[in-house]
1. Report the residue count in region 23-39 for those that are surrounded by 11 or more Cβ atoms within 10 Å (Cβ to Cβ) and either in a loop (DSSP other than H, G, I, E, B) or not hydrophobic (A, V, I, L, M, F, W, C) (or both).
2. Scan region 165-224 for residues that are charged (D, E, K, R), modelled with pLDDT of 85 or more and more than 19 Å from MET109 (Cα to Cα) and jot them down.
3. Do we have LEU134 as within 30 Å of ILE222 (Cβ to Cβ) and without any contact (Cβ under 8 Å) to a residue 24 or more places away in the chain here?
4. Being among the aromatic types (Phe, Trp, Tyr) and surrounded by 12 or more Cβ atoms within 10 Å (Cβ to Cβ) is the filter; apply it to region 40-81 and report the residue that is modelled with the lowest pLDDT.
5. Which of the residues that make up region 150-168 are closer than 18 Å to PHE140 by Cα and polar (S, T, N, Q)?
6. Suppose the filter is touching a residue at least 24 places away in the same chain (Cβ under 8 Å) and either β-branched (Val, Ile, Thr) or out of contact with any strand residue (DSSP E or B) (no Cβ under 7 Å at 6 or more places or on another chain) (or both); does GLY171 pass it?
7. Does CYS65 fit the bill of being touching a Cys at 6+ places or on another chain (Cβ under 8 Å) and farther than 21 Å from PRO226 by Cα?
8. Just give me the residues in region 166-185 being of a type in the set (A, V, I, L, M) and either farther than 16 Å from GLY225 by Cβ or open to solvent by 60 Å² or more (accessible area, probe 1.4 Å) (or both), in sequence order.
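The values are calculated or read from the model by the stated rules, or taken from the named source; none is laboratory data. Quantities reported herein were computed from a predicted structural model and do not represent experimental measurements. Heads up, the Cβs are rebuilt from the backbone with ideal geometry, glycines too, and the neighbour counts pull from every protein chain shown. SASA here: full protein model, heavy atoms, side chains in, ligands and nucleic acids out. Shrake-Rupley method; radii C 1.70, N 1.55, O 1.52, S 1.80 Å.
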Amino acid sequence: MHILLLFYFLITGLILGSFYTVVGMRVPKGELFKRNRSYCPECLVTLKWFELVPVFSYCIQKGRCRYCLQKISPIYPAMECFTGAGFSYSYYVYEFQPPLFLALLLVSMFHIIFVSDLRYMIIPDKILLIFTGLIVVYRFIFPAEPWWSSIAGAFVGLMGTAVIIFVSRGGMGGGDMKLFGVIGLALGPKLLLLTFFFASLIGTVLSVSMLQLKIISREDPIPFGPYIVAGGLITVFHGLFIIDWYLSVI
């Protein structure tokens with residue numbers, strides 16, 4: 001039964017992941033509900049259902065549109081796998097305990113944010129508002145311990161990032177600030193700070209590496225959202241363990 005449920009969450013994540021990528025691609029351009037069906041961004045042909053099977057269709061079509069033969073961005077199957085793995089791992093870690101639902105919400109939000117910030121360097125306010133509402137409902141049903149830690153986390157996320165933006169004169173954007181606020185609301189101040197630590201660490205290591213390899217230049221803008229997503233995922237699944245481990249060795 002455990003393996004079957006893992007498989008169920010994997011398939012659910014793959015299916016929803018396909019939708020989340022479309023949301024991340026369309027919301028920044030205001031196109032989410034302008035066309036009901038998915039379409040090729042190059043030739044604009046509406047795709048049939050068998051061309052939309054997560055991962056499988058991409059592999060069968062060898063990464064190309066069946067009509068115009070243009071390459072399909074690998075971000076589609078990659079992000080489908082991201083959410084499939086995230087959903088199944090959420091169940092593996094939490095099973096049917098209350099944190100499972102919060103983990104699923106955050107994996108979903110992180111998927112959309114990753115796509116939109118990587119593609120357009122935008123973290124859409126609409127997406128943050130939707131997930132803020134869902135997290136508030138979650139915290140109303142399953143209050144944090146202590147109850148005020150969610151409020152404190154949101155405050156630290158917003159005000160702390162605002163100070164960093166002011167001091168660094170734009171080192172991060174307003175979208176990053178609001179995203180940290182939502183993460184703080186979901187996880188509280190301790191796990192928020194851990195998320196910020198991992199996001200900064202991963203961002204620094206990868207950015208320096210890409211500069212050394214001349215993949216990017218110093219003038220190229222670098223979205224911070226994907227690094228926040230990476231730090232957030234580590235914290236969601238293993239943050240409490242990491243904090244306990246750290247306190248035990250100091």
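1. Kept after step one, since they are surrounded by 11 or more Cβ atoms within 10 Å (Cβ to Cβ), are these residues of region 23-39: 23-29, 31-32, 35, 38-39.
Still in the list and also either in a loop (DSSP other than H, G, I, E, B) or not hydrophobic (A, V, I, L, M, F, W, C) (or both): 24, 26, 28-29, 31-32, 35, 38-39.
Qualifying residue count, region 23-39: 9.
2. LYS190 - this is the single residue of region 165-224 that is charged (D, E, K, R), modelled with pLDDT of 85 or more and more than 19 Å from MET109 (Cα to Cα).
3. Answer is no for this residue.
4. Checked region 40-81; the qualifying residue modelled with the lowest pLDDT is TYR67.
5. Within region 150-168, the first condition is being closer than 18 Å to PHE140 by Cα, and the residues that meet it are 150-155.
Answer for region 150-168, where residues must be closer than 18 Å to PHE140 by Cα and polar (S, T, N, Q): just SER150.
6. It is false that GLY171 is touching a residue at least 24 places away in the same chain (Cβ under 8 Å) and either β-branched (Val, Ile, Thr) or out of contact with any strand residue (DSSP E or B) (no Cβ under 7 Å at 6 or more places or on another chain) (or both).
7. Considered against the rule, which asks whether it is touching a Cys at 6+ places or on another chain (Cβ under 8 Å) and farther than 21 Å from PRO226 by Cα, CYS65 comes out as yes.
8. Taking region 166-185 first, the residues of a type in the set (A, V, I, L, M) are 167, 172, 177, 179, 182-183, 185.
Passing the criteria: VAL167, LEU185.
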